[in-house]
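Here is the structure we will look at, set down as structure tokens.
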Amino acid sequence: MKALLMLLLLLVLPARAAMDITRELDAPEHVAPGQPVRIAVTFWTDSWFNPPPQWPDFKIENGALMTTALPNQLLSRHKDGTSWSGIRLEKQVMAWDQGVLLLPAVEVTLTSPNQPPVTVQLPELKKEVVWPKDVEQPDRFLPASNLTLSQKITQYHASSDDKLHAGDVVERTVTVKANGIVATQIPQLLYAIPGTETQRLTPVNSSLKTGRGEIEGAQRIETLRYLPSQAGTITLPEVKLRWWDTANQQWQIARLAGKTIPVAEARAAGGEAALRGTTGEGKWQTVLLIATLAIIALLIWFTRRLLWRSFMYLHRVWQRFWNPVQLPELTPTKRGER
């Protein structure tokens with residue numbers, strides 16, 4: 001019996017799961033304000049997780065966690081002759097101004113069913129955040145590891161000709177794709193120009209993802225419609241976007257070429273509509289009505305005899321229908337004389 005109890009004890013001991021947690025800041029050597037970096041928290045166990053790990057609560061100074069979801073990762077390690085399984089949780093954090101991005105030291109307590117709680121001390125983590133040299137507009141500062149600009153210019157004509165007239169529409173769509181940023185960091189690029197009315201469509205923001213679903217950047221599609229109001233030319237200006245290349249630590253300028261488009265006079269359709277009341281269409285309508293009445297009168301004249309006979313026939317039928325018909329008496333009139 002004692003041997004059996006010892007064997008059961010040996011089988012139960014390995015099931016007492018050990019737990020651990022580590023935290024690290026995944027950031028490049030130089031970090032600028034608005035450049036997202038990653039915080040990785042890894043939960044370790046030599047058994048299994050029950051319940052699954054949750055992101056621990058700790059403060060961040062001079063920075064804010066992003067709401068962008070990043071996929072979890074499964075890890076493994078060997079420590080002191082023991083195999084550990086880990087789940088790595090990642091989030092992005094961003095500092096909006098120069099200073100020190102600080103994650104203070106904190107104690108995290110891990111709990112598991114049928115196990116005593118385990119308290120782990122997470123050390124302090126910090127990263128210096130510095131503006132690059134020659135920053136001109138901090139509110140338009142755009143740090144990215146890669147950035148591309150593209151555009152599409154489309155003309156919408158009221159008729160089938162290929163000329164742009166006053167009253168037609170020119171639509172300009174600019175697409176910005178950048179890695180290592182969020183879409184709200186991309187500044188407005190298109191503005192109104194003299195000689196046109198404008199219609200701004202709502203920008204479309206989306207995330208750029210890798211093949212495994214990890215978010216690596218953002219895309220912004222901005223559309224502005226120009227409505228030229230007079231003849232002449234309209235010039236769509238060149239688009240320039242100055243951005244900080246975090247991969248090469250230097251300034252870059254992305255450009256889109258402008259375009260000059262001739263604008264012809266407004267089409268004559270508007271003048272015809274304004275003069276429609278004096279085109280003589282009312283006279284032709286009167287003549288047509290008189291001619292129709294004359295034709296009807298001639299038809300009545302040439303068919304007057306036929307029409308008269310038809311009228312008399314209908315009159316007799318009508319009278320015959322309404323005149324009373326005498327019926328024979330149904331009861332004897334001299335019944336009382338018997």
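The values are calculated or read from the model by the stated rules, or taken from the named source; none is laboratory data. Values in this document were obtained by computation on a predicted structure and should not be read as measured data. Glycine gets a Cβ as well: all are built from the backbone with ideal geometry, and neighbour counts include every protein chain shown. Ligands, DNA and RNA are stripped out before the accessible areas are found, and what is left, the full protein with its side chains, is counted by its heavy atoms. Shrake-Rupley method; radii C 1.70, N 1.55, O 1.52, S 1.80 Å.
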Return the only residue of Leu125, Leu190 being of a type in the set (A, V, I, L, M, F, W, C) and either more than 19 Å from the chain's Cα centre (by Cα) or closer than 30 Å to Val31 by Cβ (or both). Leu125
Any residue at all in segment 218-238 that's of a type outside the set (Lys, Arg), at positive phi and assigned to a strand (DSSP E or B)? yes
Go through the residues of segment 14-29 one by one and say whether even a single one is assigned to a helix (DSSP H, G or I) and at pLDDT below 90. yes
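Could you check, for segment 180-191, whether at least one of its residues is on the phi > 0 side of the Ramachandran plot and part of a loop (DSSP other than H, G, I, E, B)?
Yes, segment 180-191 contains a residue that is on the phi > 0 side of the Ramachandran plot and part of a loop (DSSP other than H, G, I, E, B).
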From the list Ala297, Ala291, Ala266, pick out the single residue that is small (Gly, Ala, Ser), assigned to a loop (DSSP other than H, G, I, E, B), open to solvent by less than 90 Å² (accessible area, probe 1.4 Å) and at pLDDT 70 or above. Ala266
Scan segment 148-174 and report the pairs whose first residue is within 17 Å of Glu222 (Cα to Cα) and whose second residue is among the basic types (Lys, Arg) and open to solvent by less than 30 Å² (accessible area, probe 1.4 Å), with Cβ atoms within less than 6 Å and a gap of 6+ or a chain change. Ile153/Arg172
Tally up the residues in segment 222-255 that are in contact with a Ser or Thr (Cβ under 8 Å, 6 or more places away or on another chain), surrounded by 15 or more Cβ atoms within 10 Å (Cβ to Cβ) and either under 14 Å from Tyr191 (Cα atoms) or of a type in the set (D, E, K, R) (or both), please. 9
Considering every residue within segment 82-104, establish whether at least one is free of Cβ contacts under 8 Å to residues at least 24 places away in the same chain, of a type outside the set (S, T, N, Q) and in a loop (DSSP other than H, G, I, E, B). no
